[in-house]
1. Does the range 236-294 hold any residues that are at pLDDT 85 or above, more than 22 Å from LEU191 (Cβ to Cβ), open to solvent by less than 30 Å² (accessible area, probe 1.4 Å) and not in a helix (DSSP H, G or I), and which are they?
2. Could you check SER396 against (1) at pLDDT 70 or above; (2) polar (S, T, N, Q); (3) not in a helix (DSSP H, G or I) and say which number it fails?
3. Just to check your reading of the model, which residue among LEU71, LEU127 is open to solvent by less than 70 Å² (accessible area, probe 1.4 Å) and closer than 24 Å to ASN51 by Cβ?
4. Kindly indicate which of ILE284, ILE258, ILE267 is in the same structural domain as ILE331 (by the TED database) and free of Cβ contacts under 8 Å to residues at least 12 places away in the same chain.
5. If you take the residues of the range 200-218 that are of a type in the set (D, E, K, R) and surrounded by 17 or more Cβ atoms within 10 Å (Cβ to Cβ), which of them is modelled with the highest pLDDT?
6. Determine if the range 305-320 includes at least one residue that is among the polar types (S, T, N, Q) and part of a helix (DSSP H, G or I).
7. What do you reckon, is MET299 farther than 22 Å from THR427 by Cβ, at pLDDT 75 or above and under 58 Å from the mean Cα position of the chain (by Cα)?
8. Given (1) within 28 Å of the chain's Cα centre (by Cα); (2) assigned to a strand (DSSP E or B); (3) buried (at least 17 other Cβ atoms within 10 Å of the Cβ), where does ILE105 come up short, assuming only one miss?
Amino acid sequence: MTTSPKIKTLISGRGMLRLLGIFVLFAVSVPGATSDAAPKTASSEGNGNVNALDRLHAGLFINYDKHSQPLDNGDPSAVNMSLTINFIDIDEMNGKMTTHCWLSIRWTDERRTWQPQEYENITAIHLRASEIWKPQITLFNGAGDEDSFLVDTQAILTHDGQFLWVPPAVYTAYCNLNMINWPHDEQTCKLKIGSWGVRHINADYNKMEKGLDYDGLMQSTEWQIISGDTKFVPQDYYSYLEYTLTAQRRSNMYTAIIYTPAACFVILALSAFWLPPHMGGEKIMINGLLMIVVSSFLMYFAQLLPVLANKTPLVVVFYSYTLLLLGISTIVEVGVLYLATAKHKRRVPDCLKKLLHGKFGSWLFLSHFSSEAEQQTDKNKEMDEHVYDNADGDPSEPLDINPSEVPSSRAIQFEWALLATAVDRVTFVAFSLTFLILAIVCHV
């Protein structure tokens, strides 16, 4: 069956019109393909900015694959990244650091360039993050996807092919805490930020020193950053930037709730040794109350601080040893109470009496007790001699003995009370040195 000449002419005419339409569309869309000879109409001048932006966008993203990494000088484009920190917080119980920050990410695409004079001097355009390629930034030492996220924001493309993407992010990273010097501790935590699919990722040193900025940090109620550093860590198939942050705890409040009570506990525990030896019940009661309060502080620390192997805070160690010393002090006071109040029938050994009445006793401030004891003994001797001189001398009486050789029971009790006082004073000196050494070791 043959086709008539009219039908052939019609088909060929339609094909020519279709080819002409495709050529016009290509000339309008591709950057730099517009004709300078065509005069501008009033409507085109009125909508010049919109038309130029549409033409530029259409021309830049013809055959654009947002899943392929852009090229720069024929090689995969390197990614430059800097970090601006806004706020940090450290969770001691779970060993995590939460960082609120902005990421400034830059890369180059050699195919996304244009001449601004061809598009009414447009030098930069804003693009949705969903329509362009962007590095999949990940926190490698993150504590979970539910605690860390990166917000998609618009990106900026300049006429020289430079992309800038500044998304806000919240990162929660694991942190190896060292609580030994709590509450005057400094914690060093690391953020390992990179991409699994990008091997070349660098710190943006041109934007800020070390690619890290925390000058605009919103002051936390408890933490402040005192230093930071950036290190590039290359791997076989990926790389990342390691940001090291050192944060110091603001510990002014802990002076009032930890150190002031600790000083009061020490003062009360030591002052109990200066009470008279026969007041052992009051001493034991003071130690018992102190032990209850110190135990309450230890339970408070157990709720406030995490359980860390070989890193127990020194403040907790100080309170623990204080509780132990209070227990020992209670045992000592029980012995002192027995020495001072028991009905002794024997005198204090002579070796101990020499110590109590010698220089050792004067060092313990026992000299005035010794003089009172001697005066009381002389008075008792005079009273006993007066009684026996007025009595009838009967050699058969059992009480016919030398009264000067038999001390009164009161004098014996006084000697033992003096010994109990000496034990209190020696224990006071020992405990004072122990608390001093403990405070120095524990930095209290």
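The values are calculated or read from the model by the stated rules, or taken from the named source; none is laboratory data. All figures in this text were calculated on a predicted structure; none of them were measured in a lab. Methodologically, a virtual Cβ is constructed for each residue, glycine included, from the backbone with ideal geometry; neighbour enumeration extends over all protein chains shown. The protein model used for the area step is the full one, side chains on, heavy atoms only, and it has no ligands, DNA or RNA in it. Shrake-Rupley method; radii C 1.70, N 1.55, O 1.52, S 1.80 Å.
1. PRO277
2. Of the numbered conditions (1) at pLDDT 70 or above; (2) polar (S, T, N, Q); (3) not in a helix (DSSP H, G or I), the odd one out for SER396 is (1).
3. Details: LEU71 fails: closer than 24 Å to ASN51 by Cβ.
Residue meeting the stated conditions: LEU127.
4. Values: ILE284 fails: free of Cβ contacts under 8 Å to residues at least 12 places away in the same chain; ILE258 fails: free of Cβ contacts under 8 Å to residues at least 12 places away in the same chain.
So the residue among ILE284, ILE258, ILE267 that is in the same structural domain as ILE331 (by the TED database) and free of Cβ contacts under 8 Å to residues at least 12 places away in the same chain is ILE267.
5. Taking the range 200-218 as the starting set, the residues that turn out to be of a type in the set (D, E, K, R) are 204, 207, 209-210, 213, 215.
With surrounded by 17 or more Cβ atoms within 10 Å (Cβ to Cβ) added as a condition, the list becomes 204, 213.
On the way: ASP204: 59, ASP213: 85.
That would be ASP213.
6. As a first pass, look at the range 305-320 and keep what is among the polar types (S, T, N, Q): 310, 312, 320.
Narrowing the set further to residues that are part of a helix (DSSP H, G or I) leaves 320.
Within the range 305-320, one or more residues are among the polar types (S, T, N, Q) and part of a helix (DSSP H, G or I).
7. Working: farther than 22 Å from THR427 by Cβ: yes; at pLDDT 75 or above: yes; under 58 Å from the mean Cα position of the chain (by Cα): yes.
Answer is yes for this residue.
8. (1)
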